[in-house]
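Working notes for the structure below.
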Amino acid sequence: MFCVLSVESREKNLFNFLFGRFVKDSYELATVPVLKGAPFYMLKARVGAKGLSGDKIIQCVGKCAAKLITTPNTVLPSEDGIGRFKSELLYNKMMDNTFIEIIKTNYRKNNPFSVCIIDKQASDTDFVCRAAQYASKLTVVTDNKSAYSGACEEIMSVTGLCPGLQSGGDGDIVINCDKKVMTVKTGNDYINIACGTDFTVPQAYRALLPCEVDRYDFYSALYELCGVFALGAAAFESVEANGKKMSVCDVHFT
């Protein structure tokens, strides 16, 4: 679970200037159900000049106080146990999906690609298995070759390819899983593809998005903390190709 925190400051008028110290701050907590996932909290705080109380937030939502989703300009208390939720797990998954979409769009059965994937810590073996079906030759650059034994067996069984596990390599397509960058050779030039932006999610989850919070952070929390794994099937609609924003469907290798 996590908590979406919204904050309303009491109006700065003569009444609040004179008597605001006698008006109690309010913290209103609600639990929001999530389709095929765990619920999350919505905490609405109405506060005066002193701002948010870390003790009150922790009292309301417990350990979820360390996993807050809120607006960028919200000033959080500095107490231990209070923090914003930030993670790249969903971003990395979506970039993997985006790379596959781009490769699939450009794939020609009679002219498959040689593919080199850099995965130093062997943290992206599932992606390598997915990419293998579009490769004429597959090289994996990793420092953890033993972790790839199962993936290599699967790739050989499904595609007939025998992946090479090496300390370095090259190919028509080089995908750095550690940095989420894909480099494609196009004749004498290269296309560097990175920085996915713009994406859509199913309507059931679009309807849950609170106003003014970062949509990626919110959906990342749904994916990682509430178990809405359907979001892991999403791909970005736009990427940067050689530093220029471009629609994924417009990225062509030739």
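The values are calculated or read from the model by the stated rules, or taken from the named source; none is laboratory data. Note that the coordinates shown come from a computational prediction; the quantities given were computed from them, not determined experimentally. Cβ atoms come from the backbone with ideal geometry, glycine included; neighbour counts cover every protein chain shown. For accessibility, only protein heavy atoms count, side chains too; no ligands or nucleic acids. Shrake-Rupley method; radii C 1.70, N 1.55, O 1.52, S 1.80 Å.
Within the range 61-75, how many residues are in contact (Cβ under 8 Å) with a residue 40 or more places away in the chain and not charged (D, E, K, R)? Quick ask: steps written out before the conclusion?
Going through the range 61-75, the residues in contact (Cβ under 8 Å) with a residue 40 or more places away in the chain turn out to be 61, 64-65, 67-72, 74.
Right, trim to not charged (D, E, K, R) and you get 61, 64-65, 68-72, 74.
Number satisfying all stated conditions: 9.
Give the residues of the range 106-144 that are in contact (Cβ under 8 Å) with a residue 60 or more places away in the chain and under 29 Å from residue 224 (Cα atoms), sorted by residue number.
Filtering the range 106-144 for residues in contact (Cβ under 8 Å) with a residue 60 or more places away in the chain gives 106, 113, 115, 117-118.
Answer for the range 106-144, where residues must be in contact (Cβ under 8 Å) with a residue 60 or more places away in the chain and under 29 Å from residue 224 (Cα atoms): 117, 118.
Looking at the range 63-78 only, could you name the residues that are touching a helix residue (DSSP H, G or I) at 6+ places or on another chain (Cβ under 8 Å), closer than 17 Å to residue 222 by Cβ and part of a loop (DSSP other than H, G, I, E, B)?
Hit for the range 63-78 is 67, nothing else.
Can you give me the number of residues within the range 79-110 that are touching a helix residue (DSSP H, G or I) at 6+ places or on another chain (Cβ under 8 Å), modelled with pLDDT of 95 or more, among the polar types (S, T, N, Q) and not in a loop (DSSP other than H, G, I, E, B)?
So the count comes out to 2.
Please verify whether the range 147-170 includes one or more residues that are of a type in the set (D, E, K, R), over 27 Å from the mean Cα position of the chain (by Cα) and under 24 Å from residue 243 (Cα atoms). I'd like the intermediate steps shown before the answer.
So in the range 147-170, the residues of a type in the set (D, E, K, R) come out as 153-154, 170.
Those still in the list that are over 27 Å from the mean Cα position of the chain (by Cα) too: 153, 170.
Among the residues that remain, those that are also under 24 Å from residue 243 (Cα atoms) are: 170.
Yes; the residues of the range 147-170 include at least one that is of a type in the set (D, E, K, R), over 27 Å from the mean Cα position of the chain (by Cα) and under 24 Å from residue 243 (Cα atoms).
For the range 129-150, how many residues meet the condition of being open to solvent by 10 Å² or more (accessible area, probe 1.4 Å) and outside any strand (DSSP E or B)?
Matching residues across the range 129-150 total 11.
Residue 235 is checked against (1) in contact with a Gly (Cβ under 9 Å, 6 or more places away or on another chain); (2) modelled with pLDDT of 95 or more; (3) in a strand (DSSP E or B) and fails just one. What number does that condition carry?
Failed condition: (3).
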